[in-house]
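Some notes on the structure that comes next.
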Amino acid sequence: MKAVSVQTSSKEYPVLIGEKIIHELPLFLHNEFPQLTKLMIITDENIGKLYLQDLLEVLSDFESSHIIVPNGENAKTFEVYHECLTFALKQQLDRKSLILAFGGGAVGDLSGFVAATYMRGIPFIQIPTTILAHDSAVGGKVAINHELGKNMVGAFYQPEAVFYDLEYLHTLPEREKRSGFAEVIKHALIHDLSFYEELKEKVKTIEDIQARLIQPFLARGIEIKANIVGEDEKETGKRAFLNFGHTLGHAVEAEMGYGGWSHGEAIIVGMRYAIQLSKKYNKFAFNDEEFTNWLITLGYETEIPAEIPAEKLLLRMKQDKKTIGSSITFVLLEAIGNPMMMKIDDEALMMELERFVK
Ligand code: NAD
Ligand code: ZN
């Protein structure tokens, strides 16, 4: 087992990573929440079928209830949020109760937002079940979607702990593995050259993205995120580096329609784009061909489908960054592990974009 501590100005909490670590949860609850009244588990249909019974057995000492929400982004709606609040009220959860977010990033974001707002905030614990959630479960950004924009209604609200049991990853579909691994690559690129080199060396095919092999990489990614969030919880500075690849990534995700490309698939193209801009405008020395070949071997798309016009993507990027002028501030790299912010004007952005559409 590996433990990472997240220290923000408002809270310090542990992230426990390892196989079967879910069995440590009862003791943690007894020790940290001696006054605990009730537990409410929020999970989705897939995880509900696969693992809810096991979790209930682990928690048999406690009074618990559970609600099953739709899979994926369909969990992050106002309707589902409302259902969760109604359920919590009917179960008479109080401020000594605790919410358990049991699932991927979607369940985590929804449950965290329920916890942040129910009775002005009750504690919650993240039990992530995807690779992507090594990113989303740490750092305290919680949100639901509005029809005019993803994650538009939310809060900064830190969990009490993260129990990242890697056993759950065994059933994760290939596509979800790829999606989550993209964020691991991001953490390496913005923080650590040797980490990046090691990833390339050890993870050669999609089959390599399995629990045991990538455990140290997930822990490393979490450490990197924890450090950044510890320094800048509310994203007034450094935390923005975590958006590397996300400006174009979000635009592609939205243009493809959510569900068309996964978050990670979209940010892979976003990172390639940010790398090109970095090479051109920031003297970034990088072997792009080798990177792209690695991505292709792992099964990623590396170009934007031809049916998506570059103009639309530029417009989306401006909306995403809430930019009015004729440039966008991008996270670029000076070197691997050395990110910085730079304004790039629309003309230059368009020129590079056109090279990325198939
Ligand atoms: P997800 O929660 O939608 O899960 C993806 C799919 O995999 C779902 O169908 C789910 O049921 C299934 N699944 C989950 N775990 C499984 C398992 N162990 N075995 C089999 N199937 C499993 O997706 P995600 O990729 O984990 O998260 C994406 C969400 O995270 C997005 O909504 C995104 O906005 C959010 N996010 C938040 C942050 C943050 O800082 N809060 C950061 C990045 C992403
Ligand atoms: Zn992301």
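Where a number appears in this text, it was derived from the coordinates with a stated rule and is not lab data. Please read all numbers here as calculations on a predicted model, not as lab measurements. Note: ideal-geometry Cβ built from the backbone for every residue, glycine included; neighbour counts use all protein chains shown.
For the chain, the Stokes-Einstein estimate of translational diffusion at 10 °C and a viscosity of 1.306 mPa s comes to 76 µm²/s, using the Kirkwood hydrodynamic radius over alpha-carbon pairs.
Restricted to Cα atoms, the range 64-128 shows a radius of gyration and a Dmax of 10.6, 29 angstrom. Normalising the Debye intensity of the range 174-356 to I(0), with uniform scatterers on Cα atoms only, and taking log10 at q = 0.11, 0.12, 0.14 Å⁻¹ returns -0.45, -0.54, -0.75. For the listed peptides 267-273, 278-284, a ranking on the average number of other beta carbons within 10 Å per residue, highest first, reads 267-273, 278-284. Over the chain, Cα pairs under 8 Å with separation of 6+ residues give a relative contact order of 15 percent. When the helices of the chain are scored as -39500 (n - 2.57) per DSSP H run of n ≥ 4 and the total is divided over every residue, the value at 222 nm lands at -14500 deg cm²/dmol.
Peptide packing: for 219-232, 239-252, 98-111, the average count of neighbouring Cβ atoms within 10 Å per residue gives the ranking 98-111, 239-252, 219-232, highest mean first. Reported to the nearest whole Å, the Cα centre-to-centre distance from the range 51-82 to the range 287-313 is 36.
Arranged from fewest to most other beta-carbon atoms within 10 Å of their beta carbon, 262, 97, 194 become 194, 262, 97.
Legend: ranking of residues 330, 87 from fewest to most surrounding C-beta atoms inside 10 Å; resulting order 87, 330.
Evaluated at q = 0.20 Å⁻¹, the base-10 log of the normalised Debye intensity for the range 2-171, with identical point scatterers placed on the Cα atoms, takes the values -1.47.
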